[in-house]
1. With bins 5 Å wide starting at 0, give me the P(r) of region B:2-246 over every alpha carbon pair, in whole percents.
2. Within a 10 angstrom radius of each residue's Cβ in A:121-133, how many Cβ atoms of other chains show up on average? Whole number is fine.
3. With each run of n ≥ 4 DSSP H residues scored as -39500 (n - 2.57), what mean residue ellipticity at 222 nm is computed for the protein assembly as shown after dividing by its residue count and rounding to the nearest 500 deg cm²/dmol?
4. Out of residues 5 or more away from A:ASP34 or on other chains, whose amide H comes under 5 Å of its own, with H placed 1.01 Å from N in the peptide plane?
5. Please give the length that would be gained between B:THR234 and B:PHE222 if that part of the chain were fully extended, namely 0.36 nm times their separation in residues minus their C-alpha to C-alpha distance (nm, one decimal).
6. Charges only on Cβ, +1 for Lys and Arg, -1 for Asp and Glu: so what's the dipole of the protein assembly as shown about the Cα centre, in debye to the nearest 20?
7. Starting from 0 in steps of 5 Å, tell me what percent of the Cα-Cα pairs of region A:8-234 lands in each bin.
8. Label region A:49-103 by shape, choosing from rounded, prolate and oblate, from the square roots a ≥ b ≥ c of the eigenvalues of the Cα gyration tensor; if a/c is under 1.5 it is rounded, and otherwise prolate applies when a/b is larger than b/c, oblate when it is not.
Amino acid sequence: MTPAGLDSEITAMEPTIDVRSVSKWFGNVVAVNDVSLQVCPGITGLLGPNGAGKTTLLHMIAGLAKTSDGEVRVLDEPVRDNPKLYRRIGFMSEHESVYGFLSGREFVELSARLYGLTPLSLPVERAIGLVGLTDVQERPLATYSRGMRQRMRLAAALVHDPEVLLLDEPLNGTDPRQRIEFQDLMRRLAGEGRTILISSHILEEVEALAGSILLMVSGKLAASGDFHAIRAKLDERPYKVRIVASDPRSMAAALVRLDAVDSISVDTDGALVVISSNVYALQRSVPRLAQEQHIRLLGMEPLDESLESVFSYLVER
Amino acid sequence: MEPLLRLSLRQLASRSRLLLILLLAALPVALTALISNVEGKFSNSEFINHILDGLLIAGILPIVTMVLATSAFGNEMEDRTLSYLVLKPVRRWLIVLPKLLASIIVGGLVLIASGVIATRLGASSIVGATVLVLDGSLQAALAVGVALFAGVVTYTAIFTWAGLVSTRAIAFALIYVFLWEGLISTFFGGVRYLSVRGYTLAILHGMDDETFAPLKDRVIEFPAALVGAAVITTVFFWLTVRHLRRMDVP
């Protein structure tokens, strides 16, 4: 799979991450089930609801966890039990724990030393500068906010200028401004030819970054490819919308005439539950219809906007 | 290895942990001083059996090394910081060795100081101590220091492994120390060949058999103790490296 938006020259590149029929089980629980995928340079989003197997898959790609079956290769080398390969890989886990007694700079320096970098100061200052924490680098990590810790952990993962960057839920705890800065940084790094795989359970987070996604549900790769193509599939799916009106009967009679409405039912509270394949048209039409019929519109809310329902829909297809 | 050693030392040197091991290590010294002052003199065998063996070697030595060594990897596993170390181009034995060394440095310094000071204090208050103080207490103190060092190294290797393979390393360590070494080895002499306490006592006796003559009937051969301690240390070091290579890091 190749991230969308890259030109044909990049598309023809060899994949830097190659996952071949990988499974992982813990006792009777299958966390990842026969997943095969390839990731090329650029930004790729690994998307899925909590418990979908994203972290387990990312851990196997990083070599932190062994596969129960199948093989993972990164930069054309087996990743497991191959420490020298980590000179070329940066990893940031979803766990936010750090050595709180170290200062931010000491933490990044520790990484740099373990990567065998000499001299230290230049790459350390560059990495801390990239995440915008130069001013607070001497403070102990224990005093950092959650977002600052995330950024300093990113600096530690970037200090050796890796070709492959694996990030598990990197935007946890960051504020909107930090998210924009993070996205800019990722785009810049990807533009330099790096392979960046970002795991997230938030659709919009990945949408803003990755042209290409890998969609995991229940341990399986449910979909992969261009983000917009997959997003289009999402938009086609029928949505459930709950409408509360002062006169439900008249409102239902008016709604049933709309093309955007597939079916209508009434729930136990007397609210209307509308199933629509064109939720945008429905959103536009409902206030107008209510006004025309002199009905007071008391509420309108989607019932299945969760990412899980979106994924379930895709898997069913 | 140096950055990991420094990191490990800083991890181990938390205030509460240091306070605990310093208090434990002060016990033999305080007790020896107390007995010397209150009771005047006590016999050589009383000092060796109760203070050195009963308190320091059988109790405080394993407890202090357990506190340090099980947390060498145990804390990293618990707070999930181990990935910072294993995802680096560093061979696994070079991650394990500094962890081991840090526990040995901290535990060794404290325990050897405790043993040596207690021995010097005890020697001066042992009945008929004139000969011992003038001619033998230095050698006895050296023997205590070396034996405790061997005990610290061997226990550290075992408990570092336990801290990596189990979240219940302390329970394992307590069972090993008090059931295997404390109880079973009392009834079955052969167990002393597989006992860190047995090695420590044998090295103590082997280095100064005159002062530590009261141990004669219950120690294994000096060379067997040296080899046993070296083999156990090597085997558990290797097991730790092997487990670190094969395990799933959280």
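Every read-out reported here was derived from the displayed coordinates using simple, explicitly stated rules and does not represent laboratory data. These numbers come from a predicted model, not from an experiment. As a convention, Cβ positions derive from the backbone with ideal geometry for all residues, glycine included, and neighbour counts pool all protein chains shown.
1. 1, 7, 14, 18, 18, 15, 12, 8, 4, 2, 1, 0, 0
2. Taking all residues of A:121-133 together, the mean is 0.
3. Values: 20 runs with 275 residues, N = 567.
Helix-only estimate at 222 nm: -15500 deg cm²/dmol.
4. Long-range HN contacts for A:ASP34: A:SER23, A:LYS24.
5. Numbers: separation 12, 0.36 × 12 = 4.32 nm, distance 1.84 nm.
Gain in length upon complete extension: 2.5 nm.
6. With Lys and Arg at +1 and Asp and Glu at -1, about 600 debye.
7. 1, 7, 15, 19, 20, 17, 12, 7, 3, 0, 0
8. oblate
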